[in-house]
Amino acid sequence: MTYDAPFAGLRVIDVTQGLAGPEAGMLLAQYGADVIKVEPLHGDWSRVQGQRFGDFTDKTVANNRGKKSIALDLKSEQGKDVLRRMVKDADVFLEAFRPSVIGRLGFGYEAMAALNPGLIYLSISGFGQTGPLSERPATDAVLQAFSGLMQVNKGSVDGLPHRIGVWLIDMITGLYAYQAISTALYAKKSEANGRFIDCSLMQSAAAIQAIRIMEFSLSGGEGIASQSLVGTFKTQDAWLNMTVMNDETWQRLCGVFERPDLITDPRFAERNNRYANDAQTKEIVQSILETQPFDYWSPLLTEAKILHERVNDYLDFLQHPHVATGNAIQWNQHPDIGRIPVPNIPGVAPAMDGDVRAHAPKLGEHTGEILSALGYRDDEIKALHDDDVVAGDR
């Protein structure tokens, strides 16, 4: 065990699909855990979501780095026996089925704890283990709608609720799941038995909106919009996002604009008034910013200590010189895809080419290796392949 690989020797069985569960397993692998990804014979559904590169999509590469893969039919008795053997010596078990489904398969917490009393068992679901919606399947977008996030994210132009264009709730759920597992493993130092951990997308969606949910409730359902001037404005050649926190900052901005009249104008002189006249305030700011290009305004805003930045696309971000030196991206060579940008995980040393943590496995790439380690003989492994219980490497 080292700081770079604190989970070295930890055995994790990951039977999740999609994004949230695989993200949690990937994080454990990046910290040194031995994570076995158990996939259906046709593969995790993320392998066919998006542009395909053989066995891979961007989702597969991003969320399965550092894992080993076995392709296994969990509906067959032989396949179930393989998984039971794996669980007996595991430290952590990750699943992301609806509550009734995992029970019907025979891999609910009680069954797994009977095989391995010390097992840390984490279940990821859409709506949790109990309640009227517990059996409903869910996606990131469904929970963005259900939790109120889309309503908060109304467009300033069209007034419509919008989905955030990244899988925010899935990724946050994976991160919360990793946190819960890590905390449980720390407690395990003085605990003989394992535990069941319920981690749902609904919980995560609420947790990341704690301030907004409290604010909405305490205001009697009205909500309290930020009274800072926060907006995205068009310059001559680019979009610019800017935050004006208080009256002092507003006065500095008016200095940049060479508009001292806006400092004394009663509609804009104080923050509460600017908030009450938000549309007018933004209209004036927009009319000024659009007269010059971004590179004209940015040095002036920086000198005036006004928070701002160009609105980039991903190519702009990747090509920015600060990103190249700021340890944000590691470029790795993938054998099937080519050179790909891999965002580094904060606090973890980058995984260089050749590092097992950088490798995303093909479907069933380690099937033979895993079965051999479980004690299956070569003839038994061949029989499992012939009976379509397993797939992949022999």
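The values are calculated or read from the model by the stated rules, or taken from the named source; none is laboratory data. Note that the coordinates shown come from a computational prediction; the quantities given were computed from them, not determined experimentally. As a convention, Cβ positions derive from the backbone with ideal geometry for all residues, glycine included, and neighbour counts pool all protein chains shown.
For this structure, a couple of remarks:
- As for the stretch 223-232, it holds at least one residue that is modelled with pLDDT of 90 or more and over 30 Å from Leu115 (Cα atoms).
- Which listed residue, of Lys189, Lys234, is assigned by TED's automatic domain parsing to the domain that holds Ala269, surrounded by fewer than 14 Cβ atoms within 10 Å (Cβ to Cβ) and among the basic types (Lys, Arg): Lys234
- Test: Ala373 is in the same structural domain as Asp89 (by TED's automatic domain parsing), surrounded by 15 or more Cβ atoms within 10 Å (Cβ to Cβ) and among the hydrophobic types (A, V, I, L, M, F, W, C): no
- Residue match in the stretch 38-49 (condition: under 23 Å from Gly118 (Cβ atoms) and out of contact with any Pro (no Cβ under 9 Å at 6 or more places or on another chain)): yes
- Lone unmet requirement of (1) of a type outside the set (Asp, Glu); (2) free of Cβ contacts under 8 Å to residues at least 40 places away in the same chain; (3) more than 30 Å from Ala205 (Cβ to Cβ) for Asn116: (2)
- Selection of the stretch 383-394 for residues being assigned to a helix (DSSP H, G or I) and either closer than 23 Å to Asp44 by Cα or in contact with a Lys or Arg (Cβ under 7 Å, 6 or more places away or on another chain) (or both) yields Leu384, His385, Asp386.
- Gln333 fulfils the conditions (1) touching a residue at least 12 places away in the same chain (Cβ under 8 Å); (2) surrounded by fewer than 16 Cβ atoms within 10 Å (Cβ to Cβ); (3) assigned by TED's automatic domain parsing to the domain that holds Arg84 except for a single criterion, (3).
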